[in-house]
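Novice: Okay, here's the structure, questions in a sec.
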Amino acid sequence: LYKPSGYVTTRRDPQGRPTVYDLLGDAAPWVFPVGRLDLDTSGLLILTNDTQLGERLTNPQYKVPKTYLVKTSTRLDDAALDRLRHGVILSDGATLPAQVARVRDSARHSFLEITLTEGRNRQVRRMIEALGAKVLKLVRTQIGPLSIGNLPIGHHRPLTPMELKSLQFSSTYKPL
């Protein structure tokens, strides 16, 4: 599913906001979201009825990478990006190092691609805030080997058998 901003990642919302299930329609089978995207974040969201797949993609021990495009409120210099690459201190401890690429800068903003292998609550937003900036736009573009591609915002599609297999084995985790 390409989740638009303004939708919550839950079955029902007590505040009456639209949910990702509203986008699936009545004919959708029972599925649950693998991880979450907050109200203001758009992008790739996997929904499944396979609890083992959900565990593999969300459990930090498997280190499944998740990639985001980020627009920041200010231009970030190379030293700030290096801080992300080495891990920053958040209220719940130090983050693992992130892969960070500068996509481009405008006069007032930086546009970054950030890949994480852990999934803390609002992690990308908090990491950027630790640098003294804010996230203006956040889009998850990839989970493991699966990319959002050209899927239109608000639409969903089934995974191909090859995509499903690649997700089942996507991990940098190597058991001892």
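Novice: Within segment 118-136, can one find any residue that is surrounded by 18 or more Cβ atoms within 10 Å (Cβ to Cβ), more than 25 Å from residue 77 (Cα to Cα) and in contact with a helix residue (DSSP H, G or I) (Cβ under 7 Å, 6 or more places away or on another chain)?
Specialist: No, there is no match, as no residue in segment 118-136 is surrounded by 18 or more Cβ atoms within 10 Å (Cβ to Cβ), more than 25 Å from residue 77 (Cα to Cα) and in contact with a helix residue (DSSP H, G or I) (Cβ under 7 Å, 6 or more places away or on another chain).
Novice: Restricting attention to segment 36-77, report how many residues are open to solvent by less than 30 Å² (accessible area, probe 1.4 Å) and out of contact with any strand residue (DSSP E or B) (no Cβ under 8 Å at 6 or more places or on another chain).
Specialist: 1
Novice: Still on this structure, please answer the following. I'm trying to understand the selection: among the residues of segment 1-16, which are touching a Ser or Thr at 6+ places or on another chain (Cβ under 9 Å) and without any contact (Cβ under 8 Å) to a residue 40 or more places away in the chain? Step through it out loud before you land on a result.
Specialist: First pass over segment 1-16, keeping only residues touching a Ser or Thr at 6+ places or on another chain (Cβ under 9 Å): 2-13.
Residues satisfying the conditions are 5, 6, 7, 8, 9, 10, 11, 12, 13.
Novice: State all residues of segment 51-76 that are within 16 Å of the chain's Cα centre (by Cα) and assigned to a helix (DSSP H, G or I); if no residue qualifies, say none.
Specialist: Selection gives 54, 55, 56, 57, 58, 60, 62.
Novice: Do you know which residues across segment 122-159 are assigned to a strand (DSSP E or B) and either under 16 Å from residue 34 (Cβ atoms) or among the basic types (Lys, Arg) (or both)?
Specialist: First, the residues of segment 122-159 that are assigned to a strand (DSSP E or B): 135-143, 146-147.
If the condition is that a residue be assigned to a strand (DSSP E or B) and either under 16 Å from residue 34 (Cβ atoms) or among the basic types (Lys, Arg) (or both), then 137, 140, 141, 142, 143, 146, 147 are the ones that fit.
Novice: Return the pairs, sorted by first residue and then second, in which the second residue is open to solvent by 50 Å² or more (accessible area, probe 1.4 Å) and at pLDDT below 90, the first residue lies in segment 48-60 and is of a type outside the set (Lys, Arg), the beta carbons are less than 7 Å apart, and the residues are 6+ apart or on different chains.
Specialist: 49/29; 49/30; 53/168; 58/119; 60/119
Novice: Quickly run through segment 96-121 and pick out the residues that are at pLDDT 95 or above, closer than 27 Å to residue 7 by Cβ and outside any strand (DSSP E or B).
Specialist: 98, 109
Novice: When segment 147-176 is examined, which residues are found to be in contact with a helix residue (DSSP H, G or I) (Cβ under 6 Å, 6 or more places away or on another chain) and at pLDDT 95 or above?
Specialist: 154
Novice: Return the total of residues in segment 79-91 being out of contact with any Lys or Arg (no Cβ under 8 Å at 6 or more places or on another chain), part of a helix (DSSP H, G or I) and touching a residue at least 24 places away in the same chain (Cβ under 8 Å).
Specialist: 3
Novice: Can I ask one more? Just a yes or no: is a residue in segment 145-159 hydroxyl-bearing (Ser, Thr, Tyr), loosely packed, with under 15 Cβ neighbours inside 10 Å and over 30 Å from residue 49 (Cβ atoms)?
Specialist: Applying the first criterion (hydroxyl-bearing (Ser, Thr, Tyr)) to segment 145-159 yields 147.
Narrowing further to those that are loosely packed, with under 15 Cβ neighbours inside 10 Å: 147.
Then drop every residue that is not over 30 Å from residue 49 (Cβ atoms), which leaves none.
Taking every residue of segment 145-159 in turn, none turns out to be hydroxyl-bearing (Ser, Thr, Tyr), loosely packed, with under 15 Cβ neighbours inside 10 Å and over 30 Å from residue 49 (Cβ atoms).
Novice: Among the residues of segment 1-35, how many are open to solvent by 60 Å² or more (accessible area, probe 1.4 Å) and in contact with a strand residue (DSSP E or B) (Cβ under 8 Å, 6 or more places away or on another chain)?
Specialist: Residues that pass the stated criteria total 4.
Novice: Also: Can you find a residue in segment 7-15 that is among the hydroxyl-bearing types (Ser, Thr, Tyr) and outside any loop (DSSP other than H, G, I, E, B)? Let's see the steps before the verdict.
Specialist: Step one: of segment 7-15, the residues among the hydroxyl-bearing types (Ser, Thr, Tyr) are 7, 9-10.
The next check asks that each one be outside any loop (DSSP other than H, G, I, E, B); those that pass are none.
No - not one qualifying residue is present in segment 7-15.
The values are calculated or read from the model by the stated rules, or taken from the named source; none is laboratory data. The shown structure was predicted, so the numbers you read here are calculated from the model rather than taken from an experiment. Virtual Cβ from ideal backbone geometry, glycine too; neighbours counted across all protein chains shown. Only protein heavy atoms, including side chains, enter the accessible area calculation; ligands, DNA and RNA are left aside. Shrake-Rupley method; radii C 1.70, N 1.55, O 1.52, S 1.80 Å.
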